[in-house]
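Data first, discussion second: the structure below is written as structure tokens.
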Amino acid sequence: MRPVETNPPPFEMPEQAQRRAPLGQPQETPKDDNHALEELRHLIVAPEREGIAEISSRLDNLERRAEDVSSVVVEAIQMRREHDGDRALADALGPTIEDTLRDSVRKHPQVLADALFPVMGPAIRKSITETLRSMLESFNEALEHSLSLQGIQWRMEALRTGKPFAEVVLMHSLLYRVEEIFLIHKETGLVLNHLTAPAVAAKDADMVAGMLSAIKQFAHDGLNADREELLGKIGMTGFDLWVEDSPHAIIAAVIRGHAPEDFRIRMKEVLEKTEEQFSFAFEDFKGDAGPFRAAEDRLAPLLEAQLREGQERGPKRKPRALIAVSCVVLLGLAAWMTYVTLAVHKWTAFANGLKEHSGIVITSFDKENGRYQIRGFRDPLAEDPAALLAKEGFVARDAEFHLKPFYSMEDSMVLKRAKLLLAPPAGVKLSMKDGKLSADGVASPEWIARLQDRAPWIAGVTDLDITRLQNSEVIALDRTKTAIESIVLVFPAGKAVLEPGEEATLASAQQDIGNLMVQASRANVRVQVELIGHTDSTGLEAAHLPLSKQRADAILSRLTRAGVKPSAFRPRGVGTSQPLHSEDTEEGRRLNRSVTFHVDIEPASPAN
Amino acid sequence: MLTFKMCMLGSFSVGKTSLVRRFVTSIFSEKYQTSIGVKVDKKIVRVQDQDVTLVLWDIYGEDAFQKLQMSYLRGMSGYFMVADGTRHQTVDVALALEQKVTEAMGRIPFVFLLNKCDLVDQWEIEPETEKNAAAHGLGALRTSAKTGEGVDEAFLRLALAMLPK
């Protein structure tokens with residue numbers, strides 16, 4: 001309802017004022033009428049006018065306005081809180097309250113201290129008690145684990161990996177732990193927010209996020225373009241990477257252990273809410289991650305962890321059981337230590353034993369990462385240490401050999417090398433002493449030549465001794481020479497023609513001489529065969545010498561006819577001067593009527 | 001701090017990876033590049049009194065066997081187009097690549113890098129070609145992974161162009 005007035009009130013609209021003008025001006029209204037109208041108007045609109053004046057004065061008066069608001073401010077705040085959650089209100093009031101508190105602490109610290117005293121005392125006490133309790137608990141746990149078999153295993157693992165024992169315990173007691181959370185801008189792959197669990201050493205989040213989106217992109221493009229949610233999980237040794245994405249963002253969680261599937265639902269929920277809250281910020285993102293700092297409140301609850309069941313404190317065990325378990329553990333420990341000591345001792349003995357082996361030099365012997373590392377040098381011909389290891393009953397993979405090859409100058413190794421390179425025949429024995437290689441026995445001239453040729457080139461051979469090495473051809477030659485020189489070709493008295501029965505002996509002599517010539521050429525020597533004619537002492541003295549010469553000539557001519565080279569023979573008559581037998585008997589005299597052989601062996605002249 | 005994604009593009013073996021190896025922070029091994037075609041590194045540069053993080057996607061060079069994965073370029077704010085100054089055809093590949101990128105993603109700031117400028121006596125690029133290259137994007141720079149010449153300037157020039165105006 002609008003009040004009607006002659007003086008347009010300040011809040012009246014101009015058109016209403018115009019509408020009234022034609023009414024008032026042409027009619028001459030009497031003053032009484034005017035007054036009555038005024039009266040009526042007053043009667044009708046007075047209450048409203050007063051009300052409006054009241055409202056107007058309230059609005060103009062700061063003090064009264066404050067008074068009005070003060071009466072509803074509490075209800076208003078309550079309503080707002082119920083209406084759209086506490087976030088917006090907290091956001092609006094937060095900075096002011098923070099500023100106020102800061103100011104207050106700066107200006108009147110005592111007031112705040114007094115006010116907080118009743119709550120701070122118990123809070124501090126509670127906090128200290130809580131810290132002490134958790135310290136005690138972890139101390140208890142550590143103690144317990146250090147005495148249990150598992151604890152010992154974990155200690156071993158800590159030793160092996162170089163990680164602190166506490167971390168190993170945590171790693172095994174945890175069912176899972178979310179160690180890092182990334183909020184990634186999907187289009188650019190840039191990290192918008194990154195949270196890490198306490199005491200987690202995180203890598204550079206910018207690069208990790210970039211690479212993660214590259215891998216996601218790669219899997220998406222390269223493997224299966226149809227399924228958007230293809231890459232939900234990337235498994236790595238020790239931890240998993242869980243990935244969830246929405247139109248604008250990716251949430252990735254680095255999880256150690258095995259998180260339950262409902263963690264993924266929580267990830268999805270957080271992602272949906274984040275997407276909703278920051279939808280404009282995502283679209284306007286131009287490299288400034290600042291607006292996403294607020295997402296921390298949403299992401300932080302995802303950094304959760306859960307201990308393995310059974311790791312929780314159970315009811316107190318009976319001490320008897322504990323003692324029994326401790327005894328078993330201690331006994332086990334003692335047995336284990338004995339085992340370890342024995343094993344170490346055995347290994348050390350093995351390493352020392354290796355040093356005794358020719359061609360193996362051990363320079364160091366340590367245990368690294370649970371395996372024995374044996375370093376040094378080994379001649380390729382020395383025994384294989386891995387085979388020795390197996391022979392001694394060790395497990396081959398407990399040791400690693402780092403042996404560089406070298407030439408050992410030990411006599412036994414040089415001898416091995418010489419045997420390999422020279423391949424001595426069965427009749428030859430090689431030996432080594434102080435760098436001198438000696439050959440003993442009989443060998444072919446070819447092998448002897450090879451020995452002389454090769455021995456100086458063998459590493460470790462400084463001298464060669466072949467004085468006790470015989471040439472097999474020379475021996476054969478000697479044997480033939482002896483055979484030929486034992487032949488006696490007998491003649492009848494006074495004649496230079498062989499006795500009829502001697503043809504077979506001549507044939508055998510021819511055979512031997514043929515062999516002699518062949519062997520001489522193989523042994524590379526020159527032979528000269530003397531045919532010596534003899535006579536007995538009967539008959540004329542003067543005839544003896546010519547007859548003996550005739551006999552030698554006769555044999556030569558027979559041999560020449562059989563094909564031998566005459567130049568190798570020298571016929572000679574000695575008459576009775578070199579009798580073969582005493583002539584007391586007829587048989588002695590008969591044998592003196594003969595031709596015998598003498599073989600001269602000379603080294604071949606250089607011209608041959 | 002502002003963070004931007006940038007890419008390194010160019011023909012096979014023009015020295016992209018060695019160009020950045022000495023100048024960026026790396027945590028990933030280079031084998032990623034051959035297996036998934038990209039490796040992500042990081043470089044912080046100071047432009048106009050503020051530190052700017054460049055997350056650098058070093059993309060495996062395009063050659064006859066491997067085509068450029070365009071999806072790796074999504075969301076980049078700038079890029080280096082690298083050519084080998086001692087091999088003329090790498091410039092042609094770079095120009096063709098640039099056209100492809102512009103067609104797919106619109107105009108994005110980039111610097112044309114003519115790499116291996118320490119090999120002066122093997123330089124194959126005609127002054128005319130170099131002038132042509134300089135007319136593209138934010139211009140051309142001669143760079144050398146060996147001496148480091150031009151590398152910092154290239155990062156600065158690109159970062160400056162990426163800052164919001």
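The values are calculated or read from the model by the stated rules, or taken from the named source; none is laboratory data. A quick note: this is a predicted structure, and the numbers were derived from the prediction, not measured. Here Cβ is always computed from backbone atoms with ideal geometry, including for glycine, and neighbour counts include all displayed protein chains. For accessibility, only protein heavy atoms count, side chains too; no ligands or nucleic acids. Shrake-Rupley method; radii C 1.70, N 1.55, O 1.52, S 1.80 Å.
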Does region A:211-235 hold any residues that are in a loop (DSSP other than H, G, I, E, B) and either at pLDDT 70 or above or within 9 Å of chain B (Cβ to nearest Cβ) (or both), and which are they? A:GLY232
Sole exception among (1) out of contact with any Phe, Trp or Tyr (no Cβ under 9 Å at 6 or more places or on another chain); (2) assigned to a strand (DSSP E or B) for A:LEU477, by number: (2)
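Take A:VAL208 and tell me if it is modelled with pLDDT of 70 or more, within 14 Å of chain B (Cβ to nearest Cβ), in contact with a Phe, Trp or Tyr (Cβ under 8 Å, 6 or more places away or on another chain) and open to solvent by 30 Å² or more (accessible area, probe 1.4 Å). Steps first, answer last, please.
Values: modelled with pLDDT of 70 or more: yes; within 14 Å of chain B (Cβ to nearest Cβ): yes; in contact with a Phe, Trp or Tyr (Cβ under 8 Å, 6 or more places away or on another chain): yes; open to solvent by 30 Å² or more (accessible area, probe 1.4 Å): yes.
Answer is yes for this residue.
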How many residues, within region A:263-307, are assigned to a helix (DSSP H, G or I), open to solvent by 80 Å² or more (accessible area, probe 1.4 Å) and either of a type in the set (Ser, Thr, Tyr) or within 14 Å of chain B (Cβ to nearest Cβ) (or both)? 3
Count of residues meeting criterion [closer than 15 Å to B:ASP84 by Cα and in a helix (DSSP H, G or I)] in region B:135-162: 1
Within region A:152-202, the residues that are open to solvent by 70 Å² or more (accessible area, probe 1.4 Å) and either within 14 Å of chain B (Cβ to nearest Cβ) or part of a loop (DSSP other than H, G, I, E, B) (or both) are A:LYS163, A:PRO164, A:GLU187, A:PRO198, A:ALA199, A:ALA201
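The rows are residues; the columns are (1) among the hydroxyl-bearing types (Ser, Thr, Tyr); (2) modelled with pLDDT of 70 or more; (3) open to solvent by 90 Å² or more (accessible area, probe 1.4 Å).
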site	(1), (2), (3)
A:VAL72	no, yes, no
A:ARG81	no, yes, yes
A:LEU112	no, yes, no
A:ASN140	no, no, no
(1) buried (at least 18 other Cβ atoms within 10 Å of the Cβ); (2) away from chain A (no Cβ under 14 Å); (3) of a type in the set (A, V, I, L, M, F, W, C) all hold for B:PHE12 apart from (1)
Having 1 or more residues that are free of Cβ contacts under 8 Å to residues at least 24 places away in the same chain and under 29 Å from A:LEU159 (Cβ atoms) is the bar; report the strands (runs of 3 or more DSSP E) wholly within region A:358-456 that clear it. A:360-368
Please enumerate the residues belonging to region A:365-406 that are open to solvent by less than 60 Å² (accessible area, probe 1.4 Å), within 29 Å of A:LEU421 (Cβ to Cβ) and of a type in the set (Asp, Glu). A:ASP379
Hey, among the residues in region B:20-55 that are basic (Lys, Arg) and either at the interface with chain A (Cβ under 7 Å from one of its Cβ atoms) or in a loop (DSSP other than H, G, I, E, B) (or both), which one's farthest from A:VAL191 (Cα to Cα)? B:ARG22
Anything in region B:109-132 that is under 23 Å from B:LEU73 (Cα atoms) and buried (at least 22 other Cβ atoms within 10 Å of the Cβ)? List them, or say none. B:PHE110, B:VAL111, B:PHE112, B:LEU113, B:LEU114, B:ASN115
Criterion first (more than 10 Å from chain A (Cβ to nearest Cβ), at negative phi, of a type outside the set (Lys, Arg) and surrounded by fewer than 24 Cβ atoms within 10 Å (Cβ to Cβ)) does B:LEU95 satisfy it? yes
